[in-house]
Amino acid sequence: MMLHIGIIGTGGFSKMHVKILSEMEDVQIQAVCGTSKAKAEEFASAYSIPSSYERVSEMLDAEHLDAVYILVPPMSHGEFELQLIERGIPFFVEKPLGVNVEQPYQILTELRKKPLITSVGYHFRYTDTVSQMKQLLSQQHIGMITGNWMGNMPQVAWWRDQERSGGQFIEQSTHLVDILRFCVGEIDEVYALYGNQVMHKQFDGVTAADVGTVTLKFRSGVIANISNTCVLPDGLGKVGITCYTQEGMLEWDTERLKLIEAHATSEIKKMVNPYLVENEAFIHALKTGDTVHILSDYEDAFKTQQVTVAALKSAKSGLPVRMV
Ligand SMILES: NC(=O)c1ccc[n+]([C@@H]2O[C@H](COP(=O)([O-])OP(=O)(O)OC[C@H]3O[C@@H](n4cnc5c(N)ncnc54)[C@H](O)[C@@H]3O)[C@@H](O)[C@H]2O)c1
């Protein structure tokens, strides 16, 4: 059975997904839609995609697609998801679900009425080191957790704009919130402090905070703090999570998981490409109807979105926000 896939968006992450999908058997990338016909045509010709469009409705009218990948920036979500639900077409959507909770909630409400296979690009869930951390934490007594997403400012134009990206915590650190929800459970309370220290002096149009720290209280009582900044120069950065437990320390970063106990330290290196596993899980679900390998669907990802948006609300009000 050959699956026909449509792509919305012609940016950096469309290239990543298209490269993976184009190497899969039984998958045909049939059409691409961009913000202009020229961009869509250029992308289609670079990746040997038969059809290109500048309007999603035209693409959906003209093609018989088994699924669509929505690979657009945070501010461009909404209309695409709603059209796909109306037509009953499954979709993969990159994180974050949007810049707020209202629009994803509208999409979720439609999905609940008309369920579809969905998958959201929280790819770290598919990393072997994250599943090992989840497994280890389930056997340990967690005290507290800290996380960091420290880096530079991505140079795509929309990222620095609070209204278009949602800011660093909604756009990037959302991955850390999602990993912690996956490994530790639901979050009941959020308290955040954000600041604009440097980047607005260096670049025009920077309205997103460039430093922030967010305290999370989990239902289990565990307390975590995730801090982020985008002020660092190119090439410098630190992304990771440290769990402090009665048994020792678990240090996770994008390449490895380190276990530090009183008298021994060991290290597990990441062995899988999580983007590949994530795509395989979605394609498997489309082929068989079996969604068991999809680790983040729209319903679940919405909870991560609620936490990251609550952090923004807390940073604006100066008050803690309860999730329940
Ligand atoms: N999971 C991850 O590790 C990861 C990594 C990078 C990016 N992403 C996510 O992927 C998304 C896209 O990021 P990117 O780096 O590809 O951005 P990008 O700016 O390189 O590309 C975005 C694309 O979306 C297109 N687009 C925007 N509005 C559109 C519209 N209304 N109709 C059709 N096309 C539209 C733009 O033309 C552009 O081609 C972001 O949400 C980002 O957070 C995820």
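Numbers at a glance
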{"read-out": "Two-site FRET efficiency, Met75 against Glu280, from Cβ-Cβ distance with R₀ of 30 Å, rounded to 0.05", "value": "0.55"}
{"read-out": "Relative counts (whole %) of C-alpha pair distances in segment 1-87, using bins that are 10 Å wide", "value": "18, 57, 25, 1"}
{"read-out": "Segment 254-308, accessible surface, carbon-and-sulfur percent (1.4 angstrom probe)", "value": "52 percent"}
{"read-out": "Hz values of 3J(HN,Hα) by residue in segment 264-269 - Karplus curve (6.51, -1.76, 1.60), Gly and Pro given as x", "value": "7, 10, 9, 9, 10, 8"}
{"read-out": "Kirkwood hydrodynamic radius of segment 214-324, from inverse mean 1/r over distinct Cα pairs, in Å", "value": "17.6 Å"}
{"read-out": "Members of Lys217/Lys258; Lys15/Lys217; Lys19/Lys270; Lys238/Lys303; Lys238/Lys287 lying beyond 30 Å, as alpha-carbon distances in this model show", "value": "Lys15/Lys217; Lys238/Lys287"}
{"read-out": "Translational diffusion coefficient (Stokes-Einstein; Kirkwood radius from C-alpha pairs) of segment 151-192 at 10 °C, 1.306 mPa s, in µm²/s", "value": "135 µm²/s"}
{"read-out": "Long-range HN-HN contacts of Val32 with modeled amide H, under 5 Å", "value": "Ile7, Ser51, Ser52, Tyr53"}
{"read-out": "Amide H contacts under 5 Å for Val72, placed H, 5+ residues apart", "value": "Glu94"}
{"read-out": "Selected from Lys39, Lys113, Lys19 as most flexible by GNM, with the chain as the system and alpha-carbon contacts under 10 Å", "value": "Lys113"}
{"read-out": "Value in Å of the Kirkwood radius, where the chain supplies the Cα pairs that are averaged", "value": "20.6 Å"}
{"read-out": "Accessible area of Lys114 in the full protein assembly, 1.4 Å probe (Å², nearest 10)", "value": "90 Å²"}
{"read-out": "Partner aspartates and glutamates for Lys113 [C-alpha distance under 13 Å; skip if fewer than 8 residues away on the same chain]", "value": "Glu86, Glu299"}
{"read-out": "Karplus 3J(HN,Hα) series, Hz, for segment 159-166 with 6.51 cos²θ - 1.76 cosθ + 1.60 (x for Gly, Pro)", "value": "5, 6, 8, 3, 5, 8, 9, x"}
{"read-out": "Calculated FRET value between Ala264 and Leu319, using beta carbons and R₀ = 25 Å, to 0.05", "value": "0.05"}
{"read-out": "Under the Karplus curve 6.51 cos²θ - 1.76 cosθ + 1.60, θ = phi - 60°, whole-Hz ³J(HN,Hα) for segment 150-157, x wherever Gly or Pro sits", "value": "10, x, 9, 8, x, 8, 5, 4"}
{"read-out": "Where only C-alpha atoms are counted, convex hull volume of segment 49-123 per residue in Å³", "value": "98 Å³"}
{"read-out": "Fraction of accessible area attributable to carbon and sulfur, segment 6-156 (%, probe 1.4 Å)", "value": "49 percent"}
{"read-out": "Coarse-grained scattering of segment 165-277 at q = 0.13, 0.17, 0.24 Å⁻¹, given as base-10 log I(q)/I(0) from a Debye sum over alpha-carbon atoms", "value": "-0.63, -1.00, -1.38"}
{"read-out": "Bins of 10 Å from zero: percent of alpha-carbon pairs in segment 277-324", "value": "24, 32, 20, 18, 5"}
{"read-out": "Listed residues Val222, Thr265, Tyr47: farthest to the positive end of the dipole of the chain (Cβ charges)", "value": "Val222"}
{"read-out": "Heavy atoms of Met16 accessible to a 1.4 Å probe, total area in Å² rounded to 10", "value": "40 Å²"}
{"read-out": "Label zone at His141, where the point sits 7 Å out along the Cα-to-Cβ direction: segment 210-247 residues whose backbone N lies under 13 Å", "value": "245-247"}
{"read-out": "Where labels lie 7 Å past Cα in the beta-carbon direction, separation of Lys134 and Tyr105 in nm", "value": "2.7 nm"}
{"read-out": "Per-residue SASA entry for Arg87, accessible area with 1.4 Å probe, Å² rounded to 10", "value": "100 Å²"}
{"read-out": "Structure-based [θ]222 nm, the chain - -39500 (n - 2.57) summed over DSSP H runs of at least 4, per residue, nearest 500", "value": "-10500 deg cm²/dmol"}
{"read-out": "For the chain, built as a Gaussian network whose Cα springs stay under 10 Å, the top-fluctuating residue of Thr129, Thr254, Thr308", "value": "Thr254"}
{"read-out": "Pair-distance profile P(r), taking every C-alpha pair of segment 28-159, with 10 angstrom steps and integer %", "value": "10, 31, 31, 20, 7, 1"}
{"read-out": "Positive-pole candidate from Ser76, Leu137, Ser22, dipole of the chain, charges at beta carbon", "value": "Leu137"}
{"read-out": "Label-point separation in nm, Val156 to Ser220, each point 7 Å along Cα→Cβ", "value": "3.3 nm"}
{"read-out": "Convex hull of Cα atoms in segment 131-229, direction-averaged projection (nm²)", "value": "6.7 nm²"}
{"read-out": "At q = 0.20 Å⁻¹, base-10 log of I(q)/I(0) for segment 109-168 (Debye sum, equal scatterers on each alpha carbon)", "value": "-1.00"}
{"read-out": "Gain upon complete extension [Lys37, His200; 0.36 nm per residue less C-alpha separation]", "value": "55.3 nm"}
{"read-out": "Amide H contacts of Asp188 (H built 1.01 Å from N, under 5 Å, at least 5 apart or other chain)", "value": "Lys217, Phe218, Arg219"}
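The values are calculated or read from the model by the stated rules, or taken from the named source; none is laboratory data. It should be emphasised that the depicted structure is a prediction, and the values quoted were computed from it without experimental measurement. We place every Cβ from the backbone using ideal geometry, glycine too, and count neighbours over all the protein chains shown. We work out accessible area using only protein heavy atoms, side chains counted, and drop any ligands, DNA or RNA first. Shrake-Rupley method; radii C 1.70, N 1.55, O 1.52, S 1.80 Å.
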